[in-house]
Structures are given as C-alpha cells and as structure tokens.
C-alpha cells in the first residue's frame, strides 16, 4: 500500500496548477515545469491541494503493485515541482587546489584546474551559475533534476583526489584522504 502517494500536496500562494492532455503544469513567476501523468494514475486539484489517485482495482495484484510504485514517484515529482517554482533549488560546489579557480563569462563557466587549458562548460538557459571568491560555485534553478545533473557534470570534470585532496567537491562532502605510498621498493 502506497503511503507517500496518499499525502496531499499544498499549493502555496502564487503557484498555478493546471492539468491538460495527460500532463500537469506547475508555474509561478519563477517559471513553469511540466510532468507527464503515468498510466493508471490521476491527478486532482481540490481546495488548494493536489491529490494523486491510483485508478487500479486492488484485486489485480500484479498491476496494482506496479502502479503503487509509480504513485509515490509521481507525488514526489509533483512535490519537487511545487517546491522548485516557489523556493528553487541550489547546489554548492567548492574548488580545492592551489591556483584552481572558476569564473562565469556570458553563458559559459570557465574552470582553471591545472590542465593545459581552461575547461569551458556551457550553462543551460534555465540554470543560473554564480562563482564567489573564485572557488565557490553556486548552481541554482527551479528544476531539481537539472540542477543536480549540471552540478554533477561540473564535479565530473575533476573529482576529488583521495591522495592530495584537490578537485571539485560538493559543500560539506567529506573526502577521506589515503596516506601516500612512501618507501615502496626501498632496499631492505
């Protein structure tokens, strides 16, 4: 039995919700997001709340179990859309290493990370990137999935090194450093 899918989602002030052609649209002054409604599920808006309902008969156990999994997922996706258009999402990355830095020029993020050339990353239209003190990167947007994916793309350029601690990491991420291999091959 899905527990999360049964919880209603509060529609906050300034948020517009509409359902058209099997899609739900959630928008505000920050922007608009859309999500396909999965088969055998329905979305109803009543009294400033969004309800996700399972349309499958519980006697059909195989289909009901599969639809229950999608029920909670759809509710979470809609909740993230409502939160995104009201508050927005943010990921913070830190650059560690002597002389490593980042800057934003136009719609590109330029990272100097000790490679032979600076790395340029194209910033998507619906994402805002800000670099503070040359080493702290703020990635902001209304779509949780796009913000997380873009932050992960930046981190993949130079993931944290376990021996020296250099690289790009999320704020608060702990990188356990290994001791260096000293004395390997030395005479006995």
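Name the single residue, out of those in segment 45-67 being part of a strand (DSSP E or B) and surrounded by 16 or more Cβ atoms within 10 Å (Cβ to Cβ), that is farthest from the chain's Cα centre (by Cα).
Of segment 45-67, the ones part of a strand (DSSP E or B) are 45-46, 49-54.
So of that shortlist, the ones also surrounded by 16 or more Cβ atoms within 10 Å (Cβ to Cβ) come out as 50-52, 54.
Values: 50: 22, 51: 24, 52: 23, 54: 27 Å.
Residue satisfying both the conditions and the ranking: 54.
When you scan segment 10-30, do you find a residue that is buried (at least 17 other Cβ atoms within 10 Å of the Cβ), within 20 Å of residue 144 (Cβ to Cβ), modelled with pLDDT under 85 and under 24 Å from the mean Cα position of the chain (by Cα), even just one? Walk me through it before giving the result.
Filtering segment 10-30 for residues buried (at least 17 other Cβ atoms within 10 Å of the Cβ) gives 11, 15, 17, 24, 26-28.
Filter again for within 20 Å of residue 144 (Cβ to Cβ), leaving 11, 15, 17, 24, 26-28.
Those left that are additionally modelled with pLDDT under 85: none.
Scanning segment 10-30 turns up no residue that is buried (at least 17 other Cβ atoms within 10 Å of the Cβ), within 20 Å of residue 144 (Cβ to Cβ), modelled with pLDDT under 85 and under 24 Å from the mean Cα position of the chain (by Cα).
Is it the case, given these coordinates, that residue 147 is assigned by TED's automatic domain parsing to the domain that holds residue 10, closer than 30 Å to residue 50 by Cβ and surrounded by 19 or more Cβ atoms within 10 Å (Cβ to Cβ)?
Values: assigned by TED's automatic domain parsing to the domain that holds residue 10: no; closer than 30 Å to residue 50 by Cβ: yes; surrounded by 19 or more Cβ atoms within 10 Å (Cβ to Cβ): yes.
Here the answer is no, as residue 147 does not meet what is asked.
Of everything in segment 33-60, what is in contact with a helix residue (DSSP H, G or I) (Cβ under 7 Å, 6 or more places away or on another chain) and touching a residue at least 40 places away in the same chain (Cβ under 8 Å)? Give them in sequence order.
33, 35, 50, 52, 54
Just one of 176, 156 is modelled with pLDDT under 90 and either exposed (fewer than 12 other Cβ atoms within 10 Å of the Cβ) or over 18 Å from residue 91 (Cα atoms) (or both); which is it? Please lay out each step first, then the result.
Working: 156 fails: modelled with pLDDT under 90.
176 is the lone residue from the list that is modelled with pLDDT under 90 and either exposed (fewer than 12 other Cβ atoms within 10 Å of the Cβ) or over 18 Å from residue 91 (Cα atoms) (or both).
Among (1) touching a strand residue (DSSP E or B) at 6+ places or on another chain (Cβ under 6 Å); (2) farther than 30 Å from residue 10 by Cα, there is one condition residue 140 misses while meeting the rest; what is its number?
(2)
The values are calculated or read from the model by the stated rules, or taken from the named source; none is laboratory data. A quick note: this is a predicted structure, and the numbers were derived from the prediction, not measured. No Cβ is skipped: glycine too gets one built from the backbone with ideal geometry, and neighbour counts run over all protein chains shown.
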